[in-house]
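This report refers to the structure that appears directly beneath it.
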Amino acid sequence: MSKDIIRDLWAGNFVNWVELGAQGTARGVFIMWDNRVLSKVDEGIGVFSTSCVFKNIDDGFQWIFIGVYGPNDDNLRVSCWLELKDFYAKWALPWCVAGDFNVVRFPNEKKGGDHLSLAMRLFLDFVESNELIGPPIIGGWFTWSSNRDIPSLSRLDRFLFSPL
């Protein structure tokens, strides 16, 4: 990510960022923030995610933000969930994990979905075992489309966070 691209995305001088570089057209994740609002305390770069510990400037509250680009390969998903858990365990603070998980939690989050697959069960277990919650989605049920005449539709993108 170059400074020129960042300037195109964010006007002003108070921006900072960390990134996990893309590999071809996959796995690119970057986190941007306003230095007047957040101070970065620590960071971590994984295979599937980019993580930051932030401290709020106004109240000193510390928390973790993890940006994720989940794998499409069922065999790699367990590694992704373990990576996210490891970042959380490293800092043990309230956390928010967001991005493209590349898997749905329930069959109704995929157009035409009719059964709970092993990948869905493992994702559901990750969410439940870490006591993560997600805000309700507004304005549409799906976050991804194949953009075909008869599209495939799924809810692959989400924000999940721990209660305080």
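In table form, for the structure just shown:
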read-out	value
Leading residue by the ranking (nearest to residue 72 (Cα to Cα)) among those in the range 114-135 that are assigned to a loop (DSSP other than H, G, I, E, B) and free of Cβ contacts under 8 Å to residues at least 12 places away in the same chain	117
Positions within the range 84-131 being under 13 Å from the mean Cα position of the chain (by Cα) and of a type in the set (A, V, I, L, M), in sequence order	84, 97, 98, 103, 127
Near pairs, Cβ below 6 angstrom, 6+ apart or cross-chain, from the range 136-147 (surrounded by 11 or more Cβ atoms within 10 Å (Cβ to Cβ)) to any residue that is among the aliphatic types (A, V, I, L, M)	142/153; 143/156; 144/156; 145/153
Options 100, 114, 59, 73; residue that is in contact with an Asp or Glu (Cβ under 9 Å, 6 or more places away or on another chain), at negative phi and acidic (Asp, Glu)	100
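Values in this text are rule-based calculations from the coordinates and carry no lab data. All of these numbers come straight from a predicted model, not from anything done at the bench. Glycine also receives a Cβ, built like all others from the backbone with ideal geometry; neighbour counts cover every protein chain displayed.
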